[in-house]
Amino acid sequence: MKAVRFHRYGGPEVLQYEDAPDPVRKGDEVLVRVKACALNRLDIWERIGPPLVKVDLPHISGSDVAGVVEEVSDSESEVKKGMEVMVNPGWGCGRCEECLSGRENRCRKFVKLGEQVDGGYAELVSVPAKNVLPKPERMDFAQAASVPLVFLTAYHMLVTRAAIQAGETVLVLGGGSGVGTAGIQIAKVFGANVIATAGNDAKLKRTVELGADFTINHSTQDVIQETKKYTAGRGADVVFEHPGKATWERSLKSAARGGRIVTCGATTGYDAVTDLRYLYSKEISVLGSFMGSGGELLRVLELFKQRRLRPVVDRTFPLQRAAEAQERMEKGEHFGKLVLTV
Ligand SMILES: [Zn+2]
């Protein structure tokens, strides 16, 4: 098959469109012919390599896949050859306490497609049958690929970890990023007021189209002051964090007394400084969040079915131009998801 692989760590130039061995379907796995694969920040970290992330080389990135079933095991009854599907990008061992409690994202043997195993920057990918879900009819392949990881992550952050309540105010940092566009929409579905930040006014306008009630241009405005202004001095009940180092101090200062900061990442750096005085004196809770469960992804897809959420595709690139797509992500030019088409 054709795939985009890298044999050494480095810049976008190490990505090579080349022939690679077809993945071998094992046990109950399903072989999927990839039609679209969305980019995630993880893909760039993998390419840059240690100390951020270490993968086996050569490596094929890509966690978010939509495609057509090519081959299934004889014992498989639900998934059929020719089915149009999207893939839940994570799976656990299926046997530990966390997996059996529906929290496979906490499994010590958790596998993320495109990280521990080769992913979707390729013509074919092999995944467990239980991770294959029917593609929603109204979505094309690029839209379907744009959904799983960011919407699952945002749902787990806001609903499961932060337990958002109707009427609360959620500050969504990086509202134009993939996870930000998902966070805005999910917060609105659950009845929250949303403040969204972005680095330019064009992106802010689009966050309003997604439902944001108030916007802050973090390049020209003071996020803490503007958040306070909008909340009559209280601060945000929930801060939706993922930039990390560059925004962490602001997040602490923007949170209301008794507020929660929920974080799923650290795109600008993980070694943020926490001024503990804010943490204890304001009784702020810091909540870590990592992907989510298969059950949560089904909830998310139900919300898409009800047309209460919509996919946000920034732009598609043919697989051969994966390097160009990653460069666009690194420059922060995108709004929503960048998707490779195969
Ligand atoms: Zn497990």
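Near Arg257: Cβ cut-off under 9 Å, other residues only, Lys/Arg at +1 and Asp/Glu at -1. The net charge is +1. Does anyone have the angle between helix 322-331 and the longest principal axis of the chain? Alpha-carbon axes, 0 to 90°, nearest 10? That helix lies at roughly 10 degrees to the long axis. For the stretch 151-288, the Kirkwood hydrodynamic radius from C-alpha pairs, put into Stokes-Einstein at 4 °C and a viscosity of 1.567 mPa s, yields a diffusion coefficient of 91 µm² per second. Only helices enter the 222 nm calculation for the chain: every DSSP H run of n ≥ 4 contributes -39,500 (n - 2.57), and dividing by all residues gives -7000 deg cm²/dmol, rounded to 500. The modelled label-to-label distance between Met1 and Glu249, using points 7 Å beyond Cα along the C-beta direction, is 4.7 nm. Would you mind checking the tilt of helix 178-189 against the longest principal axis of the Cα atoms of the chain, expressed as 0 to 90 degrees and rounded to 10? Computed tilt is about 60 degrees. With a Förster radius of 35 Å applied to the beta-carbon distance between Asp271 and Gln165, the computed FRET efficiency rounds to 0.60. Of the three principal axes defined by the Cα atoms of the stretch 244-342, the extents in descending order read 52, 34, 19 Å. Label separation (Asn217 vs Arg307): 3.4 nm, computed from points 7 Å beyond Cα along the C-beta direction.
With R₀ set to 30 Å, the beta-carbon distance separating Leu298 from Val208 gives a calculated FRET efficiency near 0.55.
Each Lys or Arg adds one and each Asp or Glu takes one away; over the other residues whose Cβ falls under 13 Å from the Cβ of Trp45, this sums to 0. Taking other Cβ atoms within 10 Å as a rough exposure proxy, Trp248, Trp91, Trp45 sort from fewest to most as Trp45, Trp91, Trp248.
Over all pairs of different C-alpha atoms, the chain has a mean inverse distance whose reciprocal, the Kirkwood radius, equals 20.3 Å.
Of all aspartates and glutamates in the structure, those lying under 14 Å Cα to Cα from Lys331, and not within fewer than 8 positions of it along the same chain, are Asp314.
Among the listed pairs Lys203/Lys253; Lys54/Lys305; Lys130/Lys337; Lys130/Lys188; Lys112/Lys228; Lys135/Lys205, give every one whose C-alpha distance is greater than 32 Å.
Checking Cα-Cα distances, Lys54/Lys305; Lys112/Lys228 exceed 32 Å.
Neighbours of Arg95, meaning other residues whose beta-carbon lies under 12 angstrom from its beta-carbon, give a summed charge of -1 when Lys and Arg score +1 and Asp and Glu score -1. The calculated FRET efficiency for Arg95 paired with Glu324, based on their beta-carbon distance and R0 = 41 Å, is about 0.45.
No value in this document is a laboratory result; all are computed from the given coordinates. Computed from a prediction, not measured in an experiment: that's the story for all the values here. Reconstructed Cβ throughout: ideal geometry from the backbone, glycine too, with neighbour counts over all protein chains shown.
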